[in-house]
Amino acid sequence: MTFEIPRVKTAPTVAVAAEKGAFSDTQVEIEYISCAVSKFAGMQKFDVEVLDRTSPAFFDELVRLMAAGYAKATDEAMLTAIQGGTLDGTVITLPWDGDELSGFISRGAAS
């Protein structure tokens, strides 16, 4: 299974134009990135007594830890999916494309 994510390949431009002059004319170009559907899951077993006999903060912290584990796993998968991806291997130019944006997010999350 796959899904498609739209990506701006060429962004439109705007520039100063003289009175009655020609407008900036760069057409937007959009392409699609095909992504495989992946399942990320984890679980935590504990007794009902633990939930009943501890502070609600215990369960809140457990949920936070599992969310952090999910974020780390999905960030690592995204970093691996980027061609030639390394923690500092993505050059960012404007306008950003999908690979550059993904690399930026991955590096930020990893650091």
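Values as computed for the structure displayed
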| quantity | calculated |
| --- | --- |
| Set of lysines near Lys45 by C-alpha distance (under 30 Å), chain-local residues within fewer than 8 positions excluded | Lys72 |
| Accessible-area ranking of Arg7, Arg64, Arg53, largest first, probe 1.4 Å | Arg53, Arg64, Arg7 |
| The stretch 2-85: radius of gyration over Cα atoms, expressed as a fraction of 2.2 N^0.38 Å | 2.03 |
| Karplus-derived HN-Hα couplings along the stretch 8-21 (A = 6.51, B = -1.76, C = 1.60, θ = phi - 60°), whole Hz, x at Gly and Pro | 7, 8, 10, 8, x, 10, 9, 9, 5, 10, 5, 3, 6, x |
| Sparsely packed GluC sites (Glu not before Pro) within the stretch 1-76, loop by DSSP, other Cβ within 10 Å at most 11 | Glu19 |
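The values are calculated or read from the model by the stated rules, or taken from the named source; none is laboratory data. This is a predicted model, so every value here is computed, not measured. Positions of Cβ are backbone-derived with ideal geometry, glycine not excepted, and every protein chain shown enters the neighbour counts. Note: areas computed on protein heavy atoms with side chains; ligands, DNA, RNA excluded. Shrake-Rupley method; radii C 1.70, N 1.55, O 1.52, S 1.80 Å.
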